[in-house]
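Structure record follows, encoded as structure tokens.
The values are calculated or read from the model by the stated rules, or taken from the named source; none is laboratory data. Treat the numbers as computed from the prediction; the structure is a model and nothing was measured. Here Cβ is always computed from backbone atoms with ideal geometry, including for glycine, and neighbour counts include all displayed protein chains. Please note that ligands, DNA and RNA were not included when accessible areas were found on the heavy atoms of the full protein model with its side chains. Shrake-Rupley method; radii C 1.70, N 1.55, O 1.52, S 1.80 Å.
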Protein chains: 2
Amino acid sequence: MTSLQNYVGGRWLAGSGDPKTLHEPATEAVLGDVRPGGIDFVAMLEHARKVGGPALRALTFPQRAERLKALAAKLHDHRDELIEIAAKNGGNTRGDAKFDLDGASGTLAYYAGLGAAMPAGFHLPDGEGIQLTRSPRFHGQHVWTSRPGVAVHINAFNFPAWGMGEKMACALLAGVPVIEKAGTASALLAHRLAQIVVESGLLPEGSFQFVAGSVSGALDLLGPMDAVAFTGSAATGALIRGNKNLIARNVRVNIEADSINPAVLGPDVESGSDTFEQFLANLTIDMTQKAGQKCTAVRRILVPTARLAEVQEELIERLRAVKLGNPLDNDVRMGPVASAEQLRDVRQGMERLQAVASTLLGGTAAVQAKGYFVAPTLLLAKDAEAPVLHELEVFGPCATLVPYDGSAARAVGLCNRGGGGLVASVYSDDREFVESTVLGIAPWHGRIWLGSEKTMNQATSPGAVLPATIHGGPGRAGGGEELGGLRGLAPYMQRTAIQGDRAVVGRTFGNESAG
Amino acid sequence: MTSLQNYVGGRWLAGSGDPKTLHEPATEAVLGDVRPGGIDFVAMLEHARKVGGPALRALTFPQRAERLKALAAKLHDHRDELIEIAAKNGGNTRGDAKFDLDGASGTLAYYAGLGAAMPAGFHLPDGEGIQLTRSPRFHGQHVWTSRPGVAVHINAFNFPAWGMGEKMACALLAGVPVIEKAGTASALLAHRLAQIVVESGLLPEGSFQFVAGSVSGALDLLGPMDAVAFTGSAATGALIRGNKNLIARNVRVNIEADSINPAVLGPDVESGSDTFEQFLANLTIDMTQKAGQKCTAVRRILVPTARLAEVQEELIERLRAVKLGNPLDNDVRMGPVASAEQLRDVRQGMERLQAVASTLLGGTAAVQAKGYFVAPTLLLAKDAEAPVLHELEVFGPCATLVPYDGSAARAVGLCNRGGGGLVASVYSDDREFVESTVLGIAPWHGRIWLGSEKTMNQATSPGAVLPATIHGGPGRAGGGEELGGLRGLAPYMQRTAIQGDRAVVGRTFGNESAG
């Protein structure tokens, strides 16, 4: 049995303390364990700050980008091996595993592309130069520089590859060494990824360290130049944000947490139309991909009351067609949830929703004797106003139909009851409905995906996070922001206004040529 | 005797509870009082959210900008009256008062100018549109929309007009109603400003409310769309950031706190040069303007060891020439600090510095029998490494000379010991020294001011905060960011990525014309 190791200070070291056993979610077979202790965080942070950071920041942006590009290729080389681990360790179907792994290499490659076009230097101008007073001599320029700190990334179990990849890509391109903590349930895949990264020799020593167990001991040691990025539950997010040391030293904290993502069917969308087809197809993907364990998955489906019967029937038919089973079987389309703990949480959550919603499909009953399987579950709200519908994220293949009157105002009100979300999707070809809905829900959502006739076969699904657009959301969703092209580097850099003689400021720090 | 009132829910209401007496700092005469209680915060927030916010957001950006422009003019109309109050209530000389008041009207006018050029609508595109996949149909656009919340602004006593003006300008242009809390010591001026704002009728009812006493009861009632901006001590900043409700609900918090701002004299700067003249003149201004009560004032003066004697002599001569006294006297150039509490804090801080520095000028001795006067005080570090030099902000007319070896590396090391600052100034005409120093200190500072021959008579002093460039700093300085043109609206708006058909996204939410 494997006990996963940590990569600390340039060496692979065993953990210590009470082991947490990792199971194969499809069979409950034991795969290995993770031990929380055994890490000297003072030394680990020192290694990042004194060895990794300086080496990384000795590279220009385009040089860092080259490393990311090679790393993306390296991950791709190991794709088949990793897909197998993802199936065994994460309960991922082949499609689920690719979504995660290609997300990781795609995001690394995307940032490699961005970095290749960045200045061959160590700072990045932010915006244009500004004349500061009546005199054209006194000139201002904002610049971004790399913070000489460490990025501690606390990843979620659901996207062991993509989650780590997207956080790493941004921090490393920004010039900040990373400590990647694996989500426990999928730590086996994360561990193999870390091995590949380390063995590649592509990243300067000290710029990448890996923790399979716990990093909570590191949080008390961080300072003003460091950053913490966390993806996971709102409750744990609040604990991190409330950490006394992080508060006292103004350590940057970026959190992605719960999100009760809504999908809205516009009143104009006709049966059989391309827009309607996308609505049904995307819902089916979102509910079953990764067994619904996506922070961007739809949880609330807003449907005009008059269309409820039709949507219900169509969705049930599609969800019934999704074959559930061991992800190692090629014809299986949905695997189990990741762990016994997740299974328990999902069932408890469903029960709470069932108190205010009727069960149209699926439910909490066991699907088979072994494994952490949950049937695709479609609920129908008895009362659209019931708080639990809008406040509880059930992290599994479960969504609730919420009838509404077809007005943009009502859709906006219900969507925003989520208290802040990562993504809302709106399906409509009525420009007015779209504009009213979007402007009404935008302040409460980090991303809005619009389905219309023209997006048929042209768009990724709303659940997919693309590196060119931001990922994050206000309120319950954590208040964080990641990705979004160069915006994704901001958490790891400092913005500084430089003021002075135009000849000095413009040419040395801005975009003006030394003509 | 005046007991200051609060403007809440459309009415002026008396405070209640234990009064805090306001004194004239030059004479210790009693001017009035502030009472902390008597405000129904639930109703106050409701008024902002239900009445003020919707009315403000019914105006387009340029319409909001018009109100700001008129407000700037209105403040200017009352300038003479306000200067007199600032002298009496704040101990401000005429110059100090103008710096504060013109800062307020100037910043309002600046944002009015920005707003006039913004889209005549309700959202603001962020960056260019992005092709998201291989298909040019699937298009992304980031937009900023107004958060339907409240901005609670906790202002510092040292800039009652400018502090309130700059925070208001950004929030109101962003479409968010404000609750302005006055810094207690200068609440009389803030109160008069609030009266002028209210009487002007320029702002929609509910978009401006005013608290003379305490807003701490409001913090427990804020939600995900609200924002808190605080300017003041690092200790109070940490208390606000640690507020359980603000953490649990991911309320945005923007803090400007302590800053041990450094000024660096480059080794190349010759006696009598324009660069040297600016160095001396700016230090004299910074140390004595507002009796040193500026968050951007220089606290550490880094001087090459070989130049120490000369700088010492020149500075002492200039500081001696600054006439101290009652700011109502026209020839007085420096008034008292704002309150008995400030006087005590400044003296205690000076004593702590004096333990590691020798006193070249001034000190803690009483200047005259009545009033909160402090003599301009110049210290010389005995040990450049002493922690207190780099960690303690003495909020008065006091700075410490810190000798260094003239190398950029040493200057960078000492500057960054401040643990995060608002502004650093660097005086040099040596391009290499400037570049090395700037890139070394940028991650630790929100703003860097460069003095060189060409800036003579062309630049504002480093202590002046300009609306076009950001104000804020990492670490000890609070980790916040204000102003900086449109960047200053970000704390009050939500950034959302919109994805969909290019024809819909680009034309409705982006910059593409509906051609």
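Return only the number of the condition from (1) of a type outside the set (Val, Ile, Thr); (2) surrounded by fewer than 22 Cβ atoms within 10 Å (Cβ to Cβ); (3) under 19 Å from B:ALA104 (Cβ atoms) that B:PRO177 does not satisfy.
(2) is the only condition that B:PRO177 fails.
Inspect the stretch A:433-447 for any residue being more than 10 Å from every other protein chain (Cβ to nearest Cβ) and aromatic (Phe, Trp, Tyr) and give the result as yes or no.
yes
Report, by residue number, each residue of the stretch A:114-125 that is away from every other protein chain (no Cβ under 13 Å) and under 28 Å from the mean Cα position of the chain (by Cα).
Within the stretch A:114-125, A:GLY115, A:ALA116, A:ALA117, A:MET118 qualify.
On the given criteria, is A:ASN245 touching a helix residue (DSSP H, G or I) at 6+ places or on another chain (Cβ under 8 Å), within 11 Å of chain B (Cβ to nearest Cβ), open to solvent by 20 Å² or more (accessible area, probe 1.4 Å) and at positive phi?
No: the conditions fail for A:ASN245.
For residues in the stretch B:350-364 being out of contact with any Cys (no Cβ under 9 Å at 6 or more places or on another chain) and of a type in the set (A, V, I, L, M, F, W, C), which is surrounded by the most Cβ atoms within 10 Å (Cβ to Cβ)?
The selected residue is B:ALA357.
Kindly provide the set of residues from the stretch A:211-241 that are small (Gly, Ala, Ser) and either open to solvent by less than 30 Å² (accessible area, probe 1.4 Å) or in contact with a Ser or Thr (Cβ under 7 Å, 6 or more places away or on another chain) (or both), ordered by number.
Answer for the stretch A:211-241, where residues must be small (Gly, Ala, Ser) and either open to solvent by less than 30 Å² (accessible area, probe 1.4 Å) or in contact with a Ser or Thr (Cβ under 7 Å, 6 or more places away or on another chain) (or both): A:ALA212, A:GLY213, A:ALA218, A:GLY223, A:ALA227, A:ALA229, A:GLY232, A:GLY237.
Could you list, in sequence order, the residues of the stretch B:494-515 that are part of a helix (DSSP H, G or I) and in contact with a Ser or Thr (Cβ under 8 Å, 6 or more places away or on another chain)?
B:VAL504, B:ARG507
Answer with yes or no whether B:LEU422 is touching an Asp or Glu at 6+ places or on another chain (Cβ under 8 Å), in contact (Cβ under 8 Å) with a residue 24 or more places away in the chain, within 10 Å of chain A (Cβ to nearest Cβ) and in a strand (DSSP E or B).
So B:LEU422 does not fit the description; no.
Of the residues B:LEU328, B:LEU324, B:LEU315, which single one is open to solvent by 10 Å² or more (accessible area, probe 1.4 Å), farther than 25 Å from B:ARG431 by Cβ and modelled with pLDDT of 95 or more?
B:LEU324
Can you name the condition, by its number, that A:ARG417 falls short on among (1) basic (Lys, Arg); (2) crowded, with 24+ Cβ neighbours inside 10 Å; (3) more than 7 Å from chain B (Cβ to nearest Cβ)?
(2)
Being farther than 16 Å from A:PRO262 by Cα and among the hydroxyl-bearing types (Ser, Thr, Tyr) is the filter here; which residues of the stretch A:437-485 pass it?
A:SER452, A:THR455, A:THR460, A:THR469, listed by residue number.
Out of the stretch A:365-392, which residues are part of a loop (DSSP other than H, G, I, E, B) and open to solvent by 40 Å² or more (accessible area, probe 1.4 Å)?
The answer is A:ALA365, A:ALA366, A:VAL367, A:GLN368, A:ALA369, A:LYS370, A:LYS382, A:ASP383, A:GLU385.
Here is a list: A:HIS153, A:HIS142. Which entry is touching a residue at least 60 places away in the same chain (Cβ under 8 Å), within 14 Å of another protein chain (Cβ to nearest Cβ), crowded, with 24+ Cβ neighbours inside 10 Å and at negative phi?
The unique qualifying residue is A:HIS142.
Based on what the data block shows, is B:ARG300 within 27 Å of the chain's Cα centre (by Cα), more than 12 Å from every other protein chain (Cβ to nearest Cβ) and surrounded by 17 or more Cβ atoms within 10 Å (Cβ to Cβ)?
Yes.
In the stretch B:488-507, what residues are more than 15 Å from A:GLY451 (Cβ to Cβ) and touching a helix residue (DSSP H, G or I) at 6+ places or on another chain (Cβ under 7 Å)?
Scanning the stretch B:488-507 gives B:GLY488, B:LEU489, B:TYR492, B:MET493, B:GLN494, B:THR496.
In the stretch A:280-310, how many are within 16 Å of A:VAL465 (Cα to Cα) and of a type in the set (Val, Ile, Thr)?
Of the residues in the stretch A:280-310, 3 are within 16 Å of A:VAL465 (Cα to Cα) and of a type in the set (Val, Ile, Thr).
Just to be sure before I move on: is A:TYR427 under 28 Å from B:PRO224 (Cβ atoms), more than 28 Å from the chain's Cα centre (by Cα) and either away from every other protein chain (no Cβ under 12 Å) or crowded, with 24+ Cβ neighbours inside 10 Å (or both) in the structure I sent?
No.
Residue under question is B:GLN342, and the condition is that it be part of a helix (DSSP H, G or I), more than 22 Å from B:ARG94 (Cβ to Cβ) and not hydroxyl-bearing (Ser, Thr, Tyr); does it hold?
No.
So which pairs qualify, if the first residue must be in the stretch B:126-137 and more than 8 Å from chain A (Cβ to nearest Cβ), the second must be loosely packed, with under 13 Cβ neighbours inside 10 Å, the Cβ gap must be under 9 Å, and the two must be at least 6 apart or on different chains?
Qualifying pairs under 9 Å: B:GLU128/B:ASN511; B:GLY129/B:ASN511.
If you scan the stretch B:426-473, which residues turn out to be in contact with a Gly (Cβ under 6 Å, 6 or more places away or on another chain) and closer than 11 Å to A:ILE498 by Cα?
If the condition is that a residue be in contact with a Gly (Cβ under 6 Å, 6 or more places away or on another chain) and closer than 11 Å to A:ILE498 by Cα, then B:HIS445, B:GLY446, B:LEU450, B:THR469, B:ILE470 are the ones that fit.
When you look at B:PRO491, is it within 8 Å of chain A (Cβ to nearest Cβ) and assigned to a helix (DSSP H, G or I), yes or no?
Here the answer is no, as B:PRO491 does not meet what is asked.
Looking at the stretch B:452-466, which of the residues that are open to solvent by less than 30 Å² (accessible area, probe 1.4 Å) and assigned to a loop (DSSP other than H, G, I, E, B) is farthest from B:THR296 (Cα to Cα)?
Only one residue tops the list, namely B:SER452.
Do you know which of the residues in the stretch B:255-281 that are open to solvent by 20 Å² or more (accessible area, probe 1.4 Å) and under 24 Å from the mean Cα position of the chain (by Cα) is modelled with the lowest pLDDT?
B:ASP258
Can you tell me which residue within the stretch B:467-488, out of those that are buried (at least 24 other Cβ atoms within 10 Å of the Cβ) and part of a helix (DSSP H, G or I), is farthest from the other protein chains (Cβ to nearest Cβ)?
Here the answer is B:GLY488.
List the strands (runs of 3 or more DSSP E) that sit entirely inside the stretch B:115-185 and contain at least 1 residues that are β-branched (Val, Ile, Thr) and under 16 Å from B:GLY500 (Cβ atoms).
Strands (runs of 3 or more DSSP E) meeting the threshold: B:123-131, B:138-146.
Name every residue in the stretch B:477-515 that is in contact with a Gly (Cβ under 6 Å, 6 or more places away or on another chain) and at pLDDT below 95, in order of residue number.
Result: B:GLY506, B:GLY510, B:GLU512.
I need the full set of residues from the stretch A:356-371 which are in contact (Cβ under 8 Å) with a residue 24 or more places away in the chain and touching a Lys or Arg at 6+ places or on another chain (Cβ under 9 Å), in order please.
If the condition is that a residue be in contact (Cβ under 8 Å) with a residue 24 or more places away in the chain and touching a Lys or Arg at 6+ places or on another chain (Cβ under 9 Å), then A:VAL356, A:ALA357, A:SER358, A:LEU361 are the ones that fit.
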